[in-house]
1. Would you give the gap between the C-alpha center of the range B:144-181 and the C-alpha center of the range B:21-42, rounded to a whole Å?
2. Summarise the partner chain shielding of A:172-183 as one whole number: the mean count of Cβ atoms from other chains within 10 Å of each residue's Cβ.
3. Once Lys and Arg get +1 and Asp and Glu get -1 on their Cβ, which of A:Pro211, A:Ala161, A:Val139 lies farthest toward the positive end of the dipole of the range A:2-271?
4. Taking loop as defined by DSSP and a crowding limit of 14 other beta carbons within 10 Å, which trypsin sites (Lys or Arg not before Pro) in the range B:598-670 fit?
5. What is the average number of partner chain Cβ atoms found within 10 Å of a Cβ in B:515-522?
6. Please work out the FRET efficiency for the pair A:Ala108 and B:Ser505, using the Cβ-Cβ distance as r and a Förster radius of 45 Å; give the result to the nearest 0.05.
7. So what's the projected area for the protein assembly as shown, the Cα convex hull averaged over all directions, in nm²?
8. With r as the distance between the Cβ atoms of A:Ser181 and A:Asp253 and R0 = 30 Å, compute the FRET efficiency 1/(1 + (r/R0)^6) and round to 0.05.
Amino acid sequence: MRRLLPALLVVAGWALLALLVGRLPLEPDRIDLERILLSPLAAGGLGFDDLGRPVLDRVLTGARTSFLVAFGVVALSAVPGVLAGSLAGYLGGRLDAGMVLVMDVFLAFPGILLAIALAGLLGPGIDNLVLALATVGWVGYARLARAQVLSLRQREHVVAARALGSRAPRILLRHLLPLMSAPLVVEATFGIAGVVIAEAGLSFLGLGVQPPEASWGSMIRDGVRYLLVAPHLVLAPGAALFAVVLAVNLLGDALRDRLDVRSGARERRTAA
Amino acid sequence: MGEKLLEVFDLRTRIGRGPRAVRPVDGVSFHIRRGETFALLGESGCGKSMTALSLLRLLPPAGRIAGGRVELDGENLLALTERGMRSVRGNRIAMIFQEPMTSLNPVMTIGSQIGEVLELHKGLRGDALREKTVELLDAVGIPDAARRHGEYPHQLSGGMKQRVMIAIALAGEPDLLIADEPTTALDVTIQAQVLDLLRDLQKRYGMAVLLITHDLGVVAQMADRVAVMYAGQIVEQAPARRFFDTPQHPYSRRLFQALPDSSKRDRPLTVIPGSVPPLDRDFTGCRFAERCDRAWLHCRTQAPGWFDTGADAGVLCHLFDPGLVPETAPEATQEAGAASPEAPAESGSQPLLVVDGLQVHFPIQRGLFKRTVGHVKAVDGVSLDIPTRRTVALVGESGCGKTTVGKGILQLIRPTGGSVRFDGDELTRLRGERLRKRRADFQIIFQDPFSSMNPRMQVGDIIEEGMVAQRIGGDRAQRRARVEALLQQVGLRPEHAGRYPHEFSGGQRQRICIARTLAVNPKLIVCDEPTSALDVSVQAQILNLLKDLQASLGLAYLFITHDISVVAYLADRVAVMYLGRIVEEGSVDEVLEDARHPYTQALLSAVPDIEPDSGRAIIRLQGDMPSPANPPAGCHFHPRCPKARDECRRAYPPETALSPTHKARCFLLP
């Protein structure tokens, strides 16, 4: 647990920042041409960007964008994905066959390219970015949920519930969802890390947040032009991105191990 | 008697560290002579497998041997280096495990898996290696060994895999073969083949065998000497004859009394109350005292010593201490329980369930477009009546379709043909809401009490589930009251409602499952091997409970099982299934005492009897059950039938009525 403390702190700080950043006395958009490209050593803080805006303030406000996009995309892809996947798996038949076909079609596209195409079609902006990434992202959850349901529905307590006359929604909610939550939660934590990077990528291409609003991805894109004269423009948001993704991944790993312990314990017991 | 091959002195094994370490083996001493079979008998969790693993020093990672000596031909195995130990394993001591399905490597041919041992311990290479491998496969009775040599484990049946495991064990020509429940995962007819083979090989190679089992019947057939383990200790040791004639330790006696059979039909089985104590603490008195009917104060305060009762025999029990005069408790008061009140005669009453020509065929689909290329005829024309308040047993080996019959009747799998009439309603035509409502009348209890409950739900919610689904039992408070009443009815306490399934033992979980079905007031319960995952003493508790409930609630049971002794104890009628069809049906006495179909006869004779050398002719069936996707033409049983005639290959035999209640399908019958 102590090993995870830094990761927990990073994620908690990220969330807190996203909630409170509106109330902090930050000036991410204040242009001051006298401070253009000043380095942290010369000007303090994290230095200033090509329009003289304070990089520290922009990194902090960028946290909110990343956070909103990450959780928005994960929620928008996990909920419909799990719903579609578990229904297809439980009901089977034509619905299942059709759903599998749809999922295969989505998977046939390279995910990020599809998101780029969609974001281009819908036009730039955070809401469209979230939509585009969720359109690509739900398939993973749907496949996972379907596979879980297919194996769990054979279990005898599910058969017993059917024999007692329980209706399908009740069986899904009480017997299937609680048991498949473990892998889904783990998938979601890894999803968060993936989405933060995807947002940075799309913003880097100019399809994400629009200027003057800050996101870590757009900051890196803008900073690249000055990489040789003012590397702090790229390093500061890059480090933030790196820390958050690493922390979320570490937590995801830990969560997976924690949830797996139970199955290990069960095997030991039956072997004895 | 031969010289001593293996001697074990005061062996102690710990799993885990600190004061909560589990002690599955706690001071075990025994010896095995050359060429003899020594059986270690005990219920699950008593430490018998851990004893075997300790001998080979193959303990799980957290385990360690805390003391004692293991001497093989005078050499202390516990003092050997790991390298020295490797040359013992597979070479001088070999082991076969319970589960042949997972003991073989699925991506290696069976020939190369046997060859591995020969290469390692005998240094064979090339043609000599291949020759020896084929010879071994031949020795364990695998037909066409030269061709089978190159096959993979999935191409073999369970019995064949266990033969391959035995061949691997034999490859090192061991002095001692440890067989850990070698036949528990196999069907009785296959079990009989494998036990024959083991006995035969033992004679031929002069091996000693350490047989680990929970099955008294297997012990009676195989063992020269027996040791009974309980809670990490050997509590009784004796030559097999003597043990089966006069078991000494109260635990051993109880084990015999808890075995169901036909002679105990009209009274409840003797049960051993409670369950095996956890092994993670110090014991002050006798470990069995809590469950013993003959325990007195002394037993709880002072651990008993070992008392010799004859040559090679001894008991760990205060009752045999000549220095103590036991205030003998009256023996076996529980046995004198009154016979359960008989249900009124069934004559004239309509059968509760009438199954007629039930078919469950599963399509086999191949290729891109899922074309149907054939059918697995899991159930192919089964007809069966179940009267109210009666128990009909459906008997057969695994894969014969008996579970599918149960699920087909309950409409959990939709039958593809035939009719199922329950109380006048045709269930196969009921759909949707009407079927859902009707489901309260017929319920199911499963074999595995671990997977049949949702691990994330509390016991109270599990039992309440049926009432919620059927909208019966009034408001929440009334339902909770009923849950508590049900818990008491199945022998648990009301406060158990707030706990989770993993806090209960196997027998208790099965009680919870029974309470769950009772909650919706069913008329028929399909019991799908409800006791085969349980130990003998716990099985007796569950069988008694089922019998009591039948008497008090008027339930009908369809009892699906492979265990003939349970059938003899519980059933009123018996139907024997082979490959999707019923081959013989009749009252329990007719079928068990006067079986007419050759398959029934073979099945009954293959059940190991606890009377050693009872002189019964045992009919050995050749081969395995064919696949239901491609059943043999004519009578399905003819390829294995010792009495098959020409006409058996051509047509499926018609039904022959042997008495008003007894019928069978065989050409040999008049």
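Laboratory data are not the source of any read-out in this text; all were calculated from the coordinates shown. Computed from a prediction, not measured in an experiment: that's the story for all the values here. Note that we place each Cβ from the backbone using ideal geometry, even for glycine, and neighbour counts take in every protein chain shown.
1. So the separation of the two Cα centres works out to 25 Å.
2. On the way: counts 0, 0, 6, 4, 1, 1, 4, 3, 0, 1, 0, 0.
So the per-residue partner count for this stretch is 2.
3. Of the options given, the answer is A:Ala161.
4. Details: sites: B:Arg616, B:Arg620, B:Arg640, B:Lys643, B:Arg645, B:Arg649, B:Arg650, B:Lys663, B:Arg665; in loops: B:Arg616, B:Arg620, B:Arg640, B:Lys643, B:Arg645, B:Arg650.
For trypsin sites (Lys or Arg not before Pro) across the range B:598-670 that sit outside H, G, I, E and B with at most 14 neighbouring Cβ atoms in 10 Å, the list reads B:Arg616, B:Arg620, B:Lys643, B:Arg645, B:Arg650.
5. Numbers: counts 0, 5, 3, 0, 1, 3, 0, 2.
Rounded to a whole number, the mean comes out at 2.
6. On the way: r = 51 Å, r/R0 = 1.13.
It comes to 0.30.
7. 49.3 nm²
8. On the way: r = 17 Å, r/R0 = 0.58.
Given R0 = 30 Å and the Cβ-Cβ separation, E is 0.95.
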